[in-house]
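Engineer: Let me begin by handing over the structure; questions about it come next.
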Amino acid sequence: MRRTFLGMPTTAPAGVGQLRGAESFPAAARRALGDAQLRRNLGHATATIRAKSGAVIGEVPDWERLRAAGSAIKADVLARLPELLEQLEQRVSAAGGVVHWAADAIEANAIVVDLVRATGSDRVIKVKSMVTQEIGLNEALEGAGIAPVETDLAELIVQLGEDRPSHILVPAIHRNRAEIREIFLRAMPGVDPGLTDEPAVLAAAARRFLRQTFLSTSVAVSGANFAVAETGTLAVVESEGNGRMCLTLPRTLITVMGVEKVVPTWRDLEVFLQLLPRASTGERMNPYTSMWTGITPGDGPQEFHLVLLDNGRSAVLADEVGRQALHCIRCSACLNVCPVYERTGGHAYGSVYPGPIGAVLSPQLTGVVDNASLPYASSLCGACYDACPVKIDIPELLVHLRDQAPHPRAESAVMAAAAYAMDHPALFAAAQRATRLSRLTGRRGRGLPPPLSGWTAGRDLPDPPAQTFRQWWAQR
Amino acid sequence: MRIALFVTCLADTLFPEAAKATVRLLERLGHEVAFPPGQTCCGQMHVNTGYQEQAVPLVRRHVRVFDPYDVIVAPSGSCVGSVRHQHAMVARRAGDVRLAARAESVAGRTYELSELLVDVLGVTDVGAFFPHRVTYHPTCHSLRMLRVGDRPVRLLRAVRGLDLVELPAAEQCCGFGGTFAVKNADTSTAMLADKMRHVMSTGAEVCTAGDASCLMHIGGGLSRMRAGVRTVHLAEILASTEQDVVTDGRGGLVVGS
Amino acid sequence: MNARETILARLRAALDPAPAPVTVPRDYLRDGQVDLDLLVDRLTDYRAHVHQVAEPAVADTIAGILPVGARVVVPPGLPPAWLPATVTVRADDGHDNSEITAVDGVITAAAVAIADTGTVVLDGSPDQGRRVLSLLPDLHICVVRAAQVVANVPQALTRLNPHRPLTWISGPSATSDIELNRVEGVHGPRTLHIILLP
């Protein structure tokens with residue numbers, strides 16, 4: 001019995017990591033919407049990135065063909081995932097790496113903690129990675145007496161500010177330069193008290209602060225953007241060089257990746273390395289991409305561990321419609337074009353995966369019941385689908401997940417009654433007349449009863465017309 | 001040409017002027033309009049709120065009612081989007097392959113008003129007269145589900161007397177999203193606030209669009225602010241002529257008391 | 001059942017019924033003529049300094065970039081003729097990282113350059129050296145031959161060997177983390193010179 005159960009697709013466990021918010025999206029969004037500074041910061045940042053990304057995508061004549069190829073490669077990956085992972089394991093091992101398998105966040109954290117302990121180091125340097133945030137690795141390391149140091153500038157801002165990331169690509173997008181300066185002055189040891197809020201000055205402060213840590217830490221933890229099954233090659237795409245530091249300087253490198261990050265062939269990178277930078281940072285190519293296959297004697301880490309993580313991905317894969325969420329290459333283009341994200345920011349989504357992709361990925365990783373409000377955190381405007389470099393039909397997924405979400409009893413009753421009336425034209429016509437009557441006897445233009453009152457709080461309802469269209473038609 | 005009007009439940013109940021204008025416009029262009037009385041609602045609200053099973057009878061009804069017609073038009077990008085992108089899916093998920101095939105067939109004959117005029121009837125100048133400063137909001141479903149592109153703008157440019165002004169950040173959602181406006185009322189309101197700011201920045205007297213639902217949302221906000229900008233459905237502008245001008249609240253898609 | 005078997009069993013169960021096989025459409029652009037002017041334009045756009053000179057002029061060009069007496073580290077296989085007499089050169093023989101971080105600059109060759117994106121790729125060959133060399137110094141001078149330039153990313157991948165450690169470099173170290181504006185200069189070299197040979 002146990003054996004069968006273990007082998008079935010399973011959602012991510014609760015109580016570890018950051019996939020579940022403490023409150024519903026509407027409640028968290030309400031608070032965020034009241035933060036005028038946040039709204040300004042997000043509006044400025046998302047408008048900037050939309051313009052940059054649009055310009056460099058416009059330079060690529062075959063963008064739609066690249067999107068189609070990227071989408072198909074990812075569909076192929078999912079269709080052949082077990083065999084590709086076995087191939088990846090074999091190639092990485094042959095190149096001198098050690099492959100570990102983690103069924104969930106708890107197992108992955110235990111593996112990483114044990115590996116770090118074995119090195120004797122009480123500190124690790126980290127490359128920004130969504131997956132290690134998803135599993136709560138930093139908390140697990142701290143619990144084991146190991147200090148994780150985030151080296152990405154935005155992650156450092158978040159860590160020093162004792163804050164939470166709010167964007168996949170730019171975790172401190174909710175902070176402006178003045179706020180970042182304040183955080184550095186308050187929390188960065190040895191910082192120049194004359195620090196200005198010039199971005200170049202702030203970046204230089206991070207460079208000075210982290211340099212000695214890079215040189216003196218013997219273990220690094222990274223995620224992976226891509227892992228090539230055919231060759232065993234791992235790829236990390238970054239901008240600042242902190243990734244190169246982590247992937248090059250320490251003796252031991254531990255890379256944690258979700259199982260869906262594997263791609264079949266070396267050649268497949270030619271698609272994703274064109275799609276990802278233009279869709280994410282709006283650059284033709286990000287400043288640095290590192291690729292490594294196992295270990296290289298005399299160059300870089302001499303010990304390499306790859307942790308392959310499930311943590312709910314098998315459950316996502318089991319849903320034939322929902323599995324396309326696993327195509328995601330974490331570019332965050334959907335966040336930058338989303339009118340909901342632009343106004344609420346990332347924290348409202350509760351999970352480390354915010355925005356449209358988070359609204360479809362988090363509920364699937366945890367089971368919809370645990371993130372029941374997220375599939376509704378969208379007006380279904382469709383901007384995310386157009387922006388996605390691997391063509392994830394996020395609106396379709398949102399609608400699909402809403403169908404699985406638990407529904408409030410009162411709403412279900414209303415929907416059932418509406419569906420019944422709408423399937424009986426005489427009843428429907430009567431209901432239309434009743435709508436008019438109830439509106440005429442109520443306060444015109446204002447209040448609807450709850451739960452519809454939220455809409456009329458800020459808007460007037462139309463005056464009911466003298467006759468419905470069908471009454472007019474019948475009389476003409 | 002004989003054209004079946006898919007009126008949409010919202011226009012039927014709350015915005016009959018948009019539907020009447022569609023009829024007047026098509027008849028003025030020399031076509032015959034039929035109104036299949038068995039129609040009610042396409043079921044989009046049920047599908048988008050997570051009640052696909054309850055949408056199945058509505059899809060079945062819609063397909064049965066409209067299957068006899070060669071050309072079907074709705075003054076709504078959103079409802080046509082539902083017919084085109086959701087009906088067959090709902091049927092397939094309910095295991096009804098035959099219904100799915102029929103739904104696809106009906107969807108292939110169903111057009112949003114600007115699509116019908118430009119693509120099927122081949123007109124951009126419909127002989128309309130509307131002497132007002134107008135800005136056009138491309139609704140999300142007409143823009144991104146149907147890809148109507150610049151068809152509505154081409155139609156508006158050909159309207160005599162009409163001063164068309166560009167809406168800043170036009171492609172951003174107004175925040176309606178059906179039950180989104182209820183379930184996430186605060187976020188919806190924030191989106192609406194930006195849309196209204198952009199509408200008012202144009203100095204237009206009239207904000208138009210191809211969807212009564214989005215206009216209800218935008219118009220409801222503008223009315224509450226006493227902004228002095230009214231919302232008028234694209235069909236009403238196109239139906240308007242020197243002899244039959246949309247002049248006041250009852251003729252337009254005016255909201256509020 | 002260990003974690004490996006558990007995960008593989010879960011994934012196999014999730015893929016039952018088996019999805020249809022996928023054919024990947026590869027009709028995106030792969031051909032393309034190399035356009036050196038485009039490479040220069042792209043490099044410059046991302047704030048790399050580009051010098052187009054003939055090979056005998058490399059040493060003089062480098063002498064013009066680095067002040068007299070500057071200390072540089074170079075990979076062991078770098079052509080000695082490229083090195084000016086005005087700088088102090090240390091060929092890498094496994095220096096420790098604190099020594100490398102203390103030099104004024106590094107000079108390397110490259111494996112491939114991509115015109116479309118303004119990228120140079122280093123693959124750890126003897127004239128490029130260990131990855132750390134082009135990482136810790138604050139200034140990187142990279143010498144690229146025209147024959148190493150390809151038009152686009154697909155062409156670059158066909159030339160590269162995945163079994164070598166690869167570093168793709170597009171401009172100096174930068175970040176977009178502050179208000180999404182690109183700012184040059186974080187952890188990698190803050191100044192990048194590309195010497196492009198015919």
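Engineer: How charged is the neighbourhood of C:A156? Take every other residue with its Cβ under 12 Å from the Cβ of C:A156, and add Lys/Arg as +1 and Asp/Glu as -1.
Structural biologist: Around C:A156, the surrounding residues sum to 0.
Engineer: Let me ask something additional. Once the Cβ-Cβ distance between A:A147 and A:R31 is put in as r, and R0 is 30 Å, what FRET efficiency do you end up with, to the nearest 0.05?
Structural biologist: The value I calculate is 0.45.
Engineer: So, one more: Relative to the longest principal axis of chain A, what angle (0 to 90°, nearest 10) does the C-alpha long axis of helix A:177-187 take?
Structural biologist: Between helix and principal axis, roughly 50 degrees.
Engineer: For the stretch B:172-237, rounded, prolate or oblate, judged on the Cα gyration tensor with a ≥ b ≥ c (square roots of eigenvalues), a/c < 1.5 rounded, else prolate if a/b > b/c?
Structural biologist: Here the stretch B:172-237 falls in the oblate category.
Engineer: Quick one: angle between helix C:3-14 and the longest Cα principal axis of chain C, in degrees between 0 and 90, rounded to 10, please.
Structural biologist: 60
Engineer: Only residues of the stretch B:11-47 count here: report those whose backbone N is under 18 Å from the spot 7 Å along Cα→Cβ of B:D67, or say none.
Structural biologist: B:36-43
Engineer: Hey, rough spin-label estimate for B:A193 and C:E99, points 7 angstrom out along Cα→Cβ, what's it come to in nanometres?
Structural biologist: 6.2
Engineer: Expressed as an acute angle from 0 to 90° and rounded to the nearest 10, what is the orientation of the C-alpha long axis of helix A:36-58 relative to the principal long axis of chain A?
Structural biologist: 80
Engineer: Show which aspartates and glutamates lie in cross-link reach of B:K195 when reach means a straight Cα distance below 17 angstrom and same-chain residues fewer than eight apart are skipped.
Structural biologist: Partners within reach: A:E342, A:D460, B:E166, B:E171, B:D186, B:E205, B:D211.
Engineer: What is the calculated FRET efficiency for C:D27 to B:R154, with r their C-beta to C-beta distance and R₀ = 35 Å, to the nearest 0.05?
Structural biologist: After rounding to 0.05, the efficiency reads 0.65.
Engineer: In deg cm²/dmol, rounded to 500, what helix-only [θ] at 222 nm does chain A give when every DSSP H run of at least 4 residues adds -39500 (n - 2.57) and the total is split over its residues?
Structural biologist: -15000 deg cm²/dmol
Engineer: Which aspartates and glutamates does A:K391 reach when only Cα atoms under 13 Å apart count, and residues fewer than 8 places away in its own chain are ignored?
Structural biologist: Hits, sequence-local ones excluded: A:E64.
Engineer: To continue, here is another question. Which distance in nm do the two modelled labels at B:R226 and C:R159 give, with both placed 7 Å along the Cα-to-Cβ direction?
Structural biologist: Simple spin-label model gives 7.0 nm for this pair.
Engineer: Please give the length that would be gained between A:A457 and A:R123 if that part of the chain were fully extended, namely 0.36 nm times their separation in residues minus their C-alpha to C-alpha distance (nm, one decimal).
Structural biologist: Result for the pair: 115.0 nm of gain on full extension.
Engineer: Please identify which residues in the stretch B:189-231 have an amide N closer than 14 Å to a label point set 7 Å out from the Cα of B:E166, following the Cα→Cβ vector.
Structural biologist: It comes to B:202, nothing else.
Engineer: Also: Go ahead and run the numbers for FRET between C:D35 and C:A81, Cβ-Cβ distance against an R0 of 30 Å, rounding to 0.05.
Structural biologist: In this case the efficiency is close to 0.60.
Engineer: Moving to a separate point now. What list of ³J(HN,Hα) couplings, whole Hz, do you get for the stretch C:80-96 from phi and the Karplus terms 6.51, -1.76, 1.60, once you set θ to phi - 60° and write x for glycine and proline?
Structural biologist: After applying 6.51 cos²θ - 1.76 cosθ + 1.60, I find x, 5, 6, 8, x, 6, 7, 10, 8, 10, 10, 6, 5, 10, x, 3, 7 Hz.
Engineer: Would you mind classifying chain A by shape? Square roots of the alpha carbon gyration tensor eigenvalues, ordered a ≥ b ≥ c; an a/c under 1.5 is rounded, otherwise it is prolate if a/b is larger than b/c and oblate if not.
Structural biologist: It is prolate, given that a/c is not under 1.5 and a/b is the larger ratio.
Engineer: Going 7 Å from the Cα of B:R133 in the Cα-to-Cβ direction, what parts of the stretch B:193-212 have a backbone nitrogen less than 16 Å from that spot?
Structural biologist: Under 16 Å, as judged by backbone N against the label point of B:R133, lie B:197-208 of the stretch B:193-212.
Engineer: List, in the order given, every pair from A:K126/A:K261; A:K52/A:K126; A:K52/B:K183; A:K52/A:K128; A:K74/A:K126; A:K74/A:K128 whose Cα-Cα distance in the structure shown is over 25 Å.
Structural biologist: Among A:K126/A:K261; A:K52/A:K126; A:K52/B:K183; A:K52/A:K128; A:K74/A:K126; A:K74/A:K128, the Cα-Cα distance tops 25 Å for A:K52/A:K126; A:K52/B:K183; A:K74/A:K126.
Engineer: Follow-up. For the stretch B:106-149, run through the trypsin sites (Lys or Arg not before Pro) and keep only the ones in DSSP coil with at most 13 other Cβ atoms within 10 Å of their Cβ.
Structural biologist: Passing sites in the stretch B:106-149 are B:R147.
Engineer: Separate question: With label points built 7 Å along Cα→Cβ from the Cα atoms of A:A51 and C:T44, find their separation and express it in nm.
Structural biologist: Simple spin-label model gives 2.3 nm for this pair.
Engineer: P(r) of the stretch A:29-313 in 10 Å steps, Cα pairs, percent per bin?
Structural biologist: Taking all Cα pairs of the stretch A:29-313, the binned fractions are 6, 26, 34, 25, 8, 0 percent.
Engineer: Sort chain B into rounded, prolate or oblate with this rule: let a ≥ b ≥ c be the square roots of the eigenvalues of the Cα gyration tensor; rounded if a/c is under 1.5, and if a/c is not under 1.5, prolate when a/b is larger than b/c, oblate otherwise.
Structural biologist: oblate
Only the coordinates and a few stated rules stand behind these numbers; no lab work does. These numbers come from a predicted model, not from an experiment. FYI the Cβ positions are ideal-geometry reconstructions off the backbone, even for glycines, and counts take in every protein chain you see.
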